[in-house]
Every structure is written in C-alpha cells, then in structure tokens.
1. Inspect all residues belonging to the stretch 292-301 and state whether any of them is assigned to a strand (DSSP E or B) and either modelled with pLDDT under 85 or out of contact with any Ser or Thr (no Cβ under 8 Å at 6 or more places or on another chain) (or both).
2. In the stretch 359-390, what residues are of a type in the set (Asp, Glu), without any contact (Cβ under 8 Å) to a residue 24 or more places away in the chain and buried (at least 18 other Cβ atoms within 10 Å of the Cβ)?
3. Got at least one residue in the stretch 65-86 being modelled with pLDDT under 80, part of a helix (DSSP H, G or I), on the phi < 0 side of the Ramachandran plot and of a type outside the set (Ser, Thr, Tyr)?
4. Does Phe55 satisfy the criteria of being at pLDDT 80 or above, surrounded by 15 or more Cβ atoms within 10 Å (Cβ to Cβ) and in contact with a Gly (Cβ under 7 Å, 6 or more places away or on another chain)?
5. Right, Gly293: surrounded by 14 or more Cβ atoms within 10 Å (Cβ to Cβ), touching a residue at least 24 places away in the same chain (Cβ under 8 Å) and over 28 Å from Ser234 (Cα atoms) or not?
6. Do we have any residue at all in the stretch 73-88 that's hydrophobic (A, V, I, L, M, F, W, C), surrounded by 16 or more Cβ atoms within 10 Å (Cβ to Cβ) and farther than 21 Å from Pro121 by Cα?
7. Just the residues that are under 33 Å from the mean Cα position of the chain (by Cα) and more than 16 Å from Pro51 (Cβ to Cβ), please, taken from the stretch 83-112.
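The values are calculated or read from the model by the stated rules, or taken from the named source; none is laboratory data. Since we're looking at a predicted model, the values are computed, not measured. Note: ideal-geometry Cβ built from the backbone for every residue, glycine included; neighbour counts use all protein chains shown.
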Amino acid sequence: MDHVAGFDELRAGVVRTILARRITLGVFSAIALAAMLVARMSLLNPLFFAPFVWFLLTFPFGYLIQRQATARRLNLVHMCFFLVEITLITVLIHFMGGVEWIGITFYLFTVIYANFFLPRPHGAVVTGLAVAFYAVLVIAEYLGWIPHKTLFAGEAEPYRNLFYVITTIVCGGATVYAIVAFTVRWFTAVYMQKNRVLAARETQLARMSKRLVHAQDDERRRIATELHDELIQSLAAIKLHLTPVSDRMGEEAFDEITGIVDQAISQTRTLAYSLRPPLLDDLGLVPSLRRLGATIEEEGGPKVRLSCRVDRPLDVSLESLLFFVAQQALMNVVRHARAAQVLIDLQTKPGSVRLVIEDDGIGFRPRDGEGLGLRGIRERVEISGGSVVVESSPWNGTVIRVEVPSHADSPVGR
C-alpha cells in the first residue's frame with residue numbers, strides 16, 4: 001500500500017508540473033505573439049514558436065503520464081520529455097544570441113524538476129545533457145560550424161531597442177521569476193505535505209507505543225498478582241500439608257523438601273516483585289522505591305539514599321514508569337558501576353515529574369554507546385513524551401536525569 005501511495009504521489013506531482021508548464025508556456029507564448037505583432041516580426045521567430053511547440057507538447061505528455069502504471073515507466077516517459085525540453089531550449093537559445101544573453105538560465109528549471117522527480121541516475125543524465133547541449137551550441141557558433149543568430153539586430157543600443165527591452169522583461173524577468181516562485185512554492189508544499197504525513201504517522205506510532213506500554217504494565221501487574229496471590233499460596237499450602245507426614249518422610253527428607261519449597265517461595269516472591277512490587281499498588285511509588293533500595297542493600301549492593309518531594313498524587317501509569325526507570329538504573333549500578341552509594345531524587349514540578357539517579361561508581365564514556373538498560377529507559381520515557389539526560393565520565397560516576405510531563409499521567413486511548 002505504501003508503494004502504491006508513493007507512486008500515486010509521484011504521478012500527481014508530475015501532473016502538477018505539467019499544468020505549471022502549460023500555464024507558464026501559454027502565457028509566455030501569448031506575450032511573445034503580442035511582441036511579434038508589435039514589432040511586425042515573422043511568427044516563425046523562435047521566441048514564439050519554440051515555447052508554443054513546447055506548450056503543445058504538454059498535452060500528449062500529460063496523456064502519456066496518466067497512462068503509466070509503474071514508477072519505472074513513468075520516470076522513462078518523464079526523462080524523454082526532459083530531453084525534448086532541452087532540445088527546444090537549445091534551439092531557442094541559439095536564436096536568442098547563444099552565449100551572449102541569458103539563455104543558459106532556461107535549462108535551470110528542467111534540471112531542477114529532473115533531479116527532484118527522477119531517480120539519481122536519470123537526473124544526472126538530464127543534467128549532463130543540458131550542459132552538453134549548451135556547450136555544443138556555443139562551441140559550434142565559436143568555430144563557425146553554425147551561424148550566430150540574434151533576435152536583437154539593429155543599430156540602436158540594446159536599451160533603446162524596444163524588442164530587446166520587451167524580450168528581456170518577458171523572458172529574463174517575468175518568466176524566470178514566475179517559474180522560480182512557482183518552483184519554490186511547489187517544493188515547499190510538497191515538503192509541508194510530507195511533514196504533515198510524517199507527523200501524523202509519528203503521532204499514531206506514539207499512541208500505539210503508549211498503548212503497548214500500558215498493556216505491558218497491565219500484564220506485568222496481572223502476572224505479579226497471580227504469582228504473589230496464587231503460586232506463593234499454593235507453595236505455602238504444599239509446605240503446610242507436608243508437616244503432618246514429616247514423621248513418615250524422615251527428618252532429613254522433610255527438611256530437604258521444605259527447603260526446596262521455601263526457596264521456590266523466595267524466588268517466586270522476588271520474581272513477582274521484579275515484575276511489579278505489591279507496594280506500588282498498595283502504598284504508591286515512594287514506599288516502593290524505599291523497599292527497592294533496602295532490597296539492594298540487603299543483597300550486598302551500594303547504599304541507597306532516597307530524597308522525595310512529591311506534592312501531589314501520581315497516576316498509576318506514571319508511577320509504573322518512574323519505578324521502572326529507578327529499577328533499571330539501580331540494576332545497572334549493581335552490575336556495572338561498582339558504586340558505594342546511590343542517590344535517588346524524586347520531585348514534582350509544575351507540569352512534570354523529575355527523577356534523578358546518581359552514583360559514585362566508575363562511570364563510562366557515553367560516546368561509546370548505551371547498554372540495553374539505558375536504551376530501555378530512554379525508549380520508555382520518550383514514548384511517554386519525556387526526556388532522558390545521561391552524564392558520565394570514567395571514574396566520576398553517572399547521573400541519569402529523567403523528566404516526564406504530567407500529561408503522561410493519563411494513558412492514551414484507554
């Protein structure tokens with residue numbers, strides 16, 4: 001579907017340039033015709049017939065463009081028309097003084113359009129041929145292979161030659177500036193449309209990502225609850241039912257089995273807590289962070305100090321995000337930092353919540369890249385519209401600053 005949409009957009013753009021050519025060439029031909037009549041010159045003058053033939057060619061070209069069904073064939077037809085344009089422009093330049101006047105500028109818009117619409121190799125061919133055609137023309141005139149032509153013959157100085165003045169205004173002023181203005185406006189409109197489409201897709205992707213994150217949080221909450229309320233209770237019940245038969249099992253076997261059950265209960269409780277601590281639902285973020293820090297200290301990790309300045313309740317989804325950030329950051333410290341102390345600073349600000357995790361470990365070079373933990377933090381925070389700043393250097397510890405807007409409190413589309 002994206003390929004079809006891209007082809008339709010390409011063909012629509014080419015069709016718009018056909019219309020622009022038709023309008024500008026039609027106006028140019030009409031003014032040139034008027035100039036021919038005022039100056040009593042032949043209608044075979046290239047100032048009239050070259051743009052008029054060019055104008056007429058836009059009709060079969062437009063028909064051919066509409067008939068193409070693939071980008072490759074569309075580009076070939078378009079390139080052929082560019083070559084016809086270059087030929088007509090070269091004829092016009094020859095009769096308008098060749099190297100003497102402003103004819104070289106007439107290739108400009110063909111080259112611009114060719115390099116905008118065509119693939120790079122096709123655009124390079126059109127550009128090279130424009131240069132080659134002009135070079136062959138002026139060199140041929142210089143060597144005398146073809147006669148030099150001019151529209152401005154006369155004894156008067158050019159600025160006193162009415163035909164020269166009219167032609168300069170029409171060709172060098174009005175036409176060139178009009179096409180420049182149209183080209184800039186058209187390209188601006190194209191890029192603005194692309195930016196609008198891109199922004200809409202990014203917004204849609206952000207909403208889908210938020211829904212996915214919230215769905216993951218809900219699933220983690222559900223699994224943690226089932227582990228804590230069901231599996232742990234089932235294991236405790238198994239241990240309870242083993243007690244009456246301990247005499248028949250023997251003390252050594254009973255102790256071994258109950259030890260395995262106790263270990264399974266402990267591991268299950270740890271797993272449930274890592275998914276989502278019960279305190280987060282029961283008491284909120286701050287007690288959960290205190291418990292997280294205490295657990296790390298009990299397991300031989302660094303000392304964790306917690307500073308909280310929270311002046312309003314936080315939404316469940318925002319608490320989940322901030323706890324995830326703190327948990328991942330502390331896991332990184334335990335695994336890599338060799339720190340003795342970690343500071344967690346949480347505070348609410350107008351319109352946002354800020355969380356800072358700072359350790360006194362060995363640090364790292366941020367330019368060397370981030371690990372999975374930091375990338376996970378950055379992705380989750382940026383999906384919620386927040387920002388992450390990581391400051392670190394070897395042997396100077398690491399600071400992670402996270403700020404999430406308050407509107408991230410509410411899940412999107414839930």
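1. Within the stretch 292-301, the subset assigned to a strand (DSSP E or B) is none.
No: the stretch 292-301 contains no residue that is assigned to a strand (DSSP E or B) and either modelled with pLDDT under 85 or out of contact with any Ser or Thr (no Cβ under 8 Å at 6 or more places or on another chain) (or both).
2. Our first condition is that a residue be of a type in the set (Asp, Glu); within the stretch 359-390, this holds for 359-360, 368, 370, 379, 382.
Subset that is without any contact (Cβ under 8 Å) to a residue 24 or more places away in the chain: 368, 370, 379, 382.
The answer is none; no residue qualifies.
3. Filtering the stretch 65-86 down to residues modelled with pLDDT under 80 leaves none.
No, because not a single residue in the stretch 65-86 is modelled with pLDDT under 80, part of a helix (DSSP H, G or I), on the phi < 0 side of the Ramachandran plot and of a type outside the set (Ser, Thr, Tyr).
4. Working: at pLDDT 80 or above: yes; surrounded by 15 or more Cβ atoms within 10 Å (Cβ to Cβ): yes; in contact with a Gly (Cβ under 7 Å, 6 or more places away or on another chain): yes.
Yes: the conditions hold for Phe55.
5. Values: surrounded by 14 or more Cβ atoms within 10 Å (Cβ to Cβ): yes; touching a residue at least 24 places away in the same chain (Cβ under 8 Å): yes; over 28 Å from Ser234 (Cα atoms): yes.
So Gly293 passes the test.
6. Yes, some residue in the stretch 73-88 is hydrophobic (A, V, I, L, M, F, W, C), surrounded by 16 or more Cβ atoms within 10 Å (Cβ to Cβ) and farther than 21 Å from Pro121 by Cα.
7. Val111, Ile112, listed by residue number.
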